[in-house]
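The next block holds one structure in the form of C-alpha cells; read it before the comments.
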Amino acid sequence: MIGPLMEVRGVRHAALLDAEGQVLDSAGVPEEQAGQLGLLVSAGRAVIASLRSATGATTWTELMLDVNGGPVLLTPHGDQVLLAAFDDVSSLGRVRFAVRRLLGT
C-alpha cells in the first residue's frame, strides 16, 4: 500500500502502524530504526491526546515532528497511523499531498 510514497522526492521511509504500534506495512525503513517506529507513534499519539484534551477537538488530521533523523509526518488512517519520514521540512507540502492522495483524503 505505501510503496508509492517511496517515489516521492524527499521521502526516506514510510510505515503503516496499528493502534498498538505494530508495523503492518513498511518501505525503506532501516533495520536499526524499525523497532523505534512504534515508540515514535506512541509519543505522537500522546501529544495528540493532550492537544485534543486542551482544545476540545474530537479528531486530528496530522502531526509533524522534527526529530534527530529529520522530519516525520504522522497521519491517521482509521485506527492506524501512516508515518512518512522525509529529508527536509521544505518537502512537507509535497509529502502531505502524496500522503493525502495515497489515503484518498
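Can you tell me which residue in the stretch 51-89 is surrounded by the fewest Cβ atoms within 10 Å (Cβ to Cβ), limited to those that are small (Gly, Ala, Ser) and without any contact (Cβ under 8 Å) to a residue 60 or more places away in the chain?
Filtering the stretch 51-89 down to residues small (Gly, Ala, Ser) leaves 53-54, 56-57, 69-70, 78, 84-85.
Checking the rest, the ones that are also without any contact (Cβ under 8 Å) to a residue 60 or more places away in the chain come to 53-54, 56-57, 69-70, 78.
Working: Ser53: 9, Ala54: 8, Gly56: 6, Ala57: 11, Gly69: 13, Gly70: 15, Gly78: 8.
It comes out as Gly56.
Do we find that Val41 is of a type in the set (Val, Ile, Thr), touching a residue at least 24 places away in the same chain (Cβ under 8 Å) and either touching a His at 6+ places or on another chain (Cβ under 6 Å) or assigned to a helix (DSSP H, G or I) (or both) in this structure? Considered against the rule, which asks whether it is of a type in the set (Val, Ile, Thr), touching a residue at least 24 places away in the same chain (Cβ under 8 Å) and either touching a His at 6+ places or on another chain (Cβ under 6 Å) or assigned to a helix (DSSP H, G or I) (or both), Val41 comes out as yes. Quick one: would you say Ala15 is surrounded by 14 or more Cβ atoms within 10 Å (Cβ to Cβ), in contact (Cβ under 8 Å) with a residue 60 or more places away in the chain and touching a helix residue (DSSP H, G or I) at 6+ places or on another chain (Cβ under 6 Å)? When the stated conditions are applied, Ala15 passes them. In the stretch 1-38, the residue that is nearest to Val67 (Cα to Cα) out of those that are aliphatic (A, V, I, L, M) and part of a loop (DSSP other than H, G, I, E, B) is Val29.
Computed from the coordinates by the stated procedures, all read-outs in this text should not be read as laboratory data. Remember, it's a predicted structure, so these values are computed and weren't measured experimentally. No Cβ is skipped: glycine too gets one built from the backbone with ideal geometry, and neighbour counts run over all protein chains shown.
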